[in-house]
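Everything on this sheet refers to the single structure shown next.
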Amino acid sequence: MKVLRHKAFARLILAYLVSQAGSKIHRVALLVLIYLLTENALWVSLTLGVQLLGTVVFSPLLSAWADTQDRKRLLVGSDLLRAPLVALIPLLGAKSLPFLLLLVFLIELLRDLHDPIQNAVVPDLVPQEEVDEANSLILLADRLSEVLFVGAAGVLVAAVGPAYAFYLDAATYLASGFLLLGLPPLRPERVSKAGFFARVKEGLGHLWQTPPIRRAVGTLFAAAAFGSVETALGVVLALKWLKVGSAGFGFMEAAMALGAILGGLALPRLLHRVPRERLFLLALLLFGLFEASVGLFPVFAWVLVAFFVGGFLNMAFIVPARSILQLNTPQEMRGRIFAAFGAVMNAAVLLGTMLGGALEGPLGAPTVFLLAGLGVSLAAAYTLLTGGIPAPQDTRKTLEA
């Protein structure tokens, strides 16, 4: 991809791949460690709840401060600080569950600081016309890491135990932090004179007050509240309705990941033919129809096809959504916007997950998939029929390493 000719962005992608390898291992090792220590699924749920609390509650607060700082320094510091915290999990966290939850919470706070900044700096490292390609490559790296590292993480944890897996994760954060030292300074173009809580309000308000962002995020929130039932019901569909067992569920997840990888590769060509704002809505509409088809035709062969196409379409609306946020937000506010966006989307996913779990009993997973998919398509169709999403104005400048 030609976007990699920008050395600073290439360095950002390389650091992201390295840290993602460790993060996938960390996720598997953490859940295995907690279950081995407690033999209680409630502690697993509590750990995931602690992570979600960090994203939904504290991410917008952290980003209000981060948008006044040199973002390069924060990217490097958040990686280097996570390394010792992760290494403390097997050393101290395994001996005290409250301390383990504290470590998990602190690591999540640093992730909530790091990830919005990473998304915020993309338009500073590449020209505006290459922002979509850059976002596509970041998401492609994420999907590739799922395919390459999640399975390997399970094998590694089984072979050497969770402790060594955490040490490897810590090493990847050190490597990522040192790679990011090569980025150019990423200071805000201007620093708001408003107080801290005023900046928090300003970031959240920008989501609502900017028409392109309001329409994109509103549509995506409604779609995620319906579409994320797959998070809770994919395994139920495989085991209870399709009768394909855990192996079949693994194939379903692999089909979606493969579709996402191919979608990431194909997206730059699609964006040359279809404006990003229109592609976002069309892909979301089609995603909903394919999700609904899972409920209409609950046959394993078709479900694999639908999951594959769904993965492809997921990339086709998520990448434009990121670009819409980046290109409609002043440079000095992007960290707050991505933090607020993450909080809103996590709330929608939580709502959809709970809704799916509640409706599966009375309706059955196929019917829930059908209704949820139609809900996604209706959300996208409504925005399309009421004027779509306006294109952004060019209000940014690019930093070249």
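What follows draws every value from the coordinates through simple rules; no lab data is involved. This is a predicted model, so every value here is computed, not measured. In this analysis, Cβ positions are derived from the backbone assuming ideal geometry, glycine residues included, and neighbour counts consider all displayed protein chains.
Couple of notes before you dig in:
- For the stretch 129-142, backbone phi angles converted through the Karplus equation (6.51, -1.76, 1.60; θ = phi - 60°) give residue-by-residue couplings of 5, 10, 4, 4, 5, 5, 5, 4, 5, 5, 5, 5, 4, 5 Hz, Gly and Pro being listed as x.
- Using the rule -39500 (n - 2.57) for each DSSP H run of four or more residues, divided by the residues of the chain, the 222 nm mean residue ellipticity is -27000 deg cm²/dmol.
- Candidates Y382, L242, G356 compared by Cα position along the dipole of the chain: farthest toward the positive end lies Y382, with charges placed on Cβ.
- Pairs spanning more than 26 Å between alpha-carbon atoms, out of K24/K243; K2/K72; K2/K24: K24/K243; K2/K24.
- Dipole moment magnitude, nearest 20 debye, the chain about Cα centre, only Lys, Arg, Asp, Glu C-beta charged: 600 debye
- Once the C-beta distance of L378 and H272 is scaled by a Förster radius of 25 Å, the resulting FRET efficiency is 0.30 to the nearest 0.05.
- Loop-resident sites, the stretch 293-401, for GluC sites (Glu not before Pro), counting at most 14 other Cβ within 10 Å (DSSP): E400
- Extension gain for E129-L144 works out to 3.0 nm (0.36 nm per residue, less the C-alpha to C-alpha distance).
- For a modelled paramagnetic label at T38, 7 Å from Cα along Cα-to-Cβ, the residues of the stretch 105-124 in reach, with backbone nitrogen under 19 Å, are 105-109.
- For the stretch 60-128, the relative contact order works out to 40 percent when only alpha carbon pairs closer than 8 Å and six or more residues apart are counted.
- Label positions at K243 and L4, each projected 7 Å from the Cα along the C-beta direction, are separated by 4.7 nm.
- Cβ-Cβ FRET estimate between K201 and L106, R0 fixed at 30 Å, reported to 0.05: 0.70
- Residues of the stretch 109-127 with amide N under 18 Å of the 7 Å Cα→Cβ point at V57: 109-113
- Here the simple spin-label model places points 7 Å from the Cα toward Cβ, and for M354 and R190 these points are separated by 4.0 nm.
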